[in-house]
Structure formats: structure tokens, C-alpha cells
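Engineer: One structure is given below, represented as C-alpha cells, and several questions about it will come after.
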Amino acid sequence: MTEATAFAESVPGTEIVPVSGPELITYADELAALLVDTVAGGASVGFLAPLDRDAAADWWRGRAASVDAGHHRVWIARDGERVAGTIGLNLAQLPNSRHRAEITKVMVRPSMRGHGLGRSLLATAERAAAEAGLTLLVLDTETGSPAERLYRSAGWTECGSIPDYAGDPAGALRPTTFYYKAIRTTERPASPR
């Protein structure tokens, strides 16, 4: 699945573009700043606070090989030359699950929140998944988080919650709610990768 075009989205002055492994390394410091701010703001995205910016940049750089291998896709929203947001798509690798993928690391810079950028990032990943022939997307988020409003309003279906599933940035165990979305493909079903 390759994609060279940028998506002009609904947020004026912002474009959403896919990044390659080398580009992910180039943007790692800006993505690290976004990740550190997201964790400091209380969002449960897999990390504990305080998150060291160098460790966050290393985490992003560590995704580059997976992006180049086609197992993971990343888009960034650019506001000029600055990273305003990001979203990831982890492609299932087992033979019986290649029709689906997981949405990961949906993050928007605090100053850009509330303007539709999260929705645009989500729509971009959904569109790319459909173009690749995927038919099912899944994601999870902390139960009661603001992200749940976004997912519900974007047509995602809640399928259940698990208590004490993940620690919030302070380390307190919180419930996690899982969502799915069946998508219409624009191609034949995905073939084995």
C-alpha cells in the first residue's frame, strides 16, 4: 500500500500527508513534542508522565522500519511546516486477519483541537484503508475520554470495555473501550502480504 498524494482536509491551512520511514525519522523530534504534550495533557496513549522528549523521539524513530516494511502507516497533519497532528494504522499480519487494521496514536496539538483535525486524520486513515481493500478497523481509547465523542460521531461502534486495561499517564489503571468500524472498500479484498 503506497500513497503519494497529500490530502487537503477541512482545517484551513492544514494538509495531511503520509510519511515514509525516512520521513518519520525526519519528523521524530516534532512528533516527540506532540507525544510529550499529549501525555502531559492526560491522554492515555501508551506512555507514562513525565515522558522524556528524547525517549519519545527514539520511540518514533523505532517505527521507521515497520513503516518501510509496510506493516505500519503514519500520516502527519502539517500546519505550514509544523506537525499539528498524527494518526497511525497498524496492519494485521496474520493470514486470517489481513482484512483489518488498528487505528493508533491519534494525536492533535492542543492549539489545534476542536477544529476538526482529529476527524480529518481519522477520515484519512479510513479512506486509505478502504483504498487498500481493508474492510474492518479497530481502535481503543480510555473509557470516558474526549476521544470517545470523536469516534462515536464518526460512526464507530462501541463493542465493550475492559476494566483496569491500561494505566493513564499517572499510572492509575483505567478502563478501556474498544471500537470497530466496517468500511467499504474501493478495491478487491486485501490479498496476503
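Engineer: From THR5, THR26, THR14, grab the single residue that is of a type outside the set (A, V, I, L, M), at pLDDT below 95 and out of contact with any Leu (no Cβ under 9 Å at 6 or more places or on another chain). Even if it seems obvious, please write down each step before you answer.
Structural biologist: Values: THR26 fails: at pLDDT below 95; THR14 fails: out of contact with any Leu (no Cβ under 9 Å at 6 or more places or on another chain).
Exactly one residue qualifies, and that residue is THR5.
The rows are residues; the columns are (1) of a type outside the set (Ser, Thr, Tyr); (2) within 18 Å of GLY42 (Cα to Cα).
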residue	(1), (2)
ASN90	yes, no
GLN93	yes, no
GLY118	yes, yes
ARG127	yes, no
LEU136	yes, no
THR141	no, yes
ARG149	yes, yes
SER161	no, no
PHE178	yes, no
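Engineer: Could you grab the pairs with beta carbons closer than 8 Å, sequence gap of 6+ or different chains, first residue in segment 30-42 and at positive phi, second one buried (at least 16 other Cβ atoms within 10 Å of the Cβ) and not basic (Lys, Arg)?
Structural biologist: GLY42/ASP168; GLY42/PRO169
Engineer: Any idea which of (1) surrounded by 17 or more Cβ atoms within 10 Å (Cβ to Cβ); (2) part of a helix (DSSP H, G or I); (3) not polar (S, T, N, Q) is the one ILE16 doesn't satisfy?
Structural biologist: (2)
Engineer: Turning to a different aspect of this structure: Scan segment 92-131 for residues that are closer than 25 Å to PRO146 by Cα and open to solvent by less than 60 Å² (accessible area, probe 1.4 Å) and report the count.
Structural biologist: 21
Engineer: A further question on this structure: Any idea how many residues of segment 48-69 are open to solvent by less than 40 Å² (accessible area, probe 1.4 Å) and touching a Leu at 6+ places or on another chain (Cβ under 7 Å)?
Structural biologist: So the answer is 5.
Engineer: If you don't mind, another one. Could you pull out the residue among ALA65, ALA101 that is at pLDDT 95 or above, closer than 21 Å to ALA129 by Cα and more than 16 Å from the chain's Cα centre (by Cα)? Break it down into steps so the answer makes sense when it comes.
Structural biologist: Details: ALA101 fails: more than 16 Å from the chain's Cα centre (by Cα).
On inspection, the qualifying residue turns out to be ALA65.
Engineer: Being closer than 17 Å to THR38 by Cα and either under 16 Å from the mean Cα position of the chain (by Cα) or aromatic (Phe, Trp, Tyr) (or both) is the filter here, so list the residues in segment 150-176 that pass it.
Structural biologist: Matches in segment 150-176: LEU150 only.
Engineer: Hey, can you tell me all the residues within segment 63-84 that are part of a loop (DSSP other than H, G, I, E, B) and of a type in the set (Asp, Glu)?
Structural biologist: Step one: list which residues in segment 63-84 are part of a loop (DSSP other than H, G, I, E, B), which gives 63, 70-71, 80-81.
Matches in segment 63-84: GLU81 only.
Engineer: Next question. Output the number of residues of segment 19-47 satisfying the condition of being open to solvent by 20 Å² or more (accessible area, probe 1.4 Å), part of a helix (DSSP H, G or I) and more than 22 Å from SER145 (Cβ to Cβ).
Structural biologist: Going through segment 19-47 one residue at a time, the tally reaches 7.
Engineer: Return the residues of segment 128-143 that are in a loop (DSSP other than H, G, I, E, B) and under 12 Å from GLU102 (Cβ atoms); say none if nothing qualifies. Steps first, please.
Structural biologist: Taking segment 128-143 and keeping what is in a loop (DSSP other than H, G, I, E, B), we get 132-135, 143.
Within segment 128-143, just LEU134 meets the criteria.
Engineer: Need pairs with beta-carbon distance below 9 Å; first residue of a type in the set (Ser, Thr, Tyr) and within segment 60-75, second assigned to a helix (DSSP H, G or I); sequence gap 6+ or separate chains.
Structural biologist: Listed pairs, sorted by first residue: SER66/GLY21.
Engineer: Which residue out of SER191, SER153, SER161 is modelled with pLDDT under 95, open to solvent by 30 Å² or more (accessible area, probe 1.4 Å) and small (Gly, Ala, Ser)?
Structural biologist: SER191
Engineer: Next up: Can you tell me how many residues within segment 139-149 are crowded, with 17+ Cβ neighbours inside 10 Å and either touching a residue at least 40 places away in the same chain (Cβ under 8 Å) or among the basic types (Lys, Arg) (or both)?
Structural biologist: Narrowing segment 139-149 to residues crowded, with 17+ Cβ neighbours inside 10 Å: 139-143, 145, 147.
Then drop every residue that is not either touching a residue at least 40 places away in the same chain (Cβ under 8 Å) or among the basic types (Lys, Arg) (or both), which leaves 139, 141-142, 145, 147.
The qualifying residues number 5.
Engineer: Here is a further query. Identify all residues within segment 85-103 that are out of contact with any Gly (no Cβ under 9 Å at 6 or more places or on another chain) and either in a strand (DSSP E or B) or free of Cβ contacts under 8 Å to residues at least 60 places away in the same chain (or both); write none if there are none.
Structural biologist: Once the filter is applied, which keeps residues that are out of contact with any Gly (no Cβ under 9 Å at 6 or more places or on another chain) and either in a strand (DSSP E or B) or free of Cβ contacts under 8 Å to residues at least 60 places away in the same chain (or both), segment 85-103 yields THR86, GLY88, LEU89, ASN90, ALA92, LEU94, ASN96, SER97, ARG100, ALA101.
The values are calculated or read from the model by the stated rules, or taken from the named source; none is laboratory data. On a predicted model such as this, the values are computed, not experimentally measured, just so you know. With ideal geometry, Cβ positions are generated from the backbone for all residues, glycine too; neighbour counts draw on all protein chains shown. Surface accessibility is based on the protein's heavy atoms, side chains included, excluding ligands, DNA and RNA. Shrake-Rupley method; radii C 1.70, N 1.55, O 1.52, S 1.80 Å.
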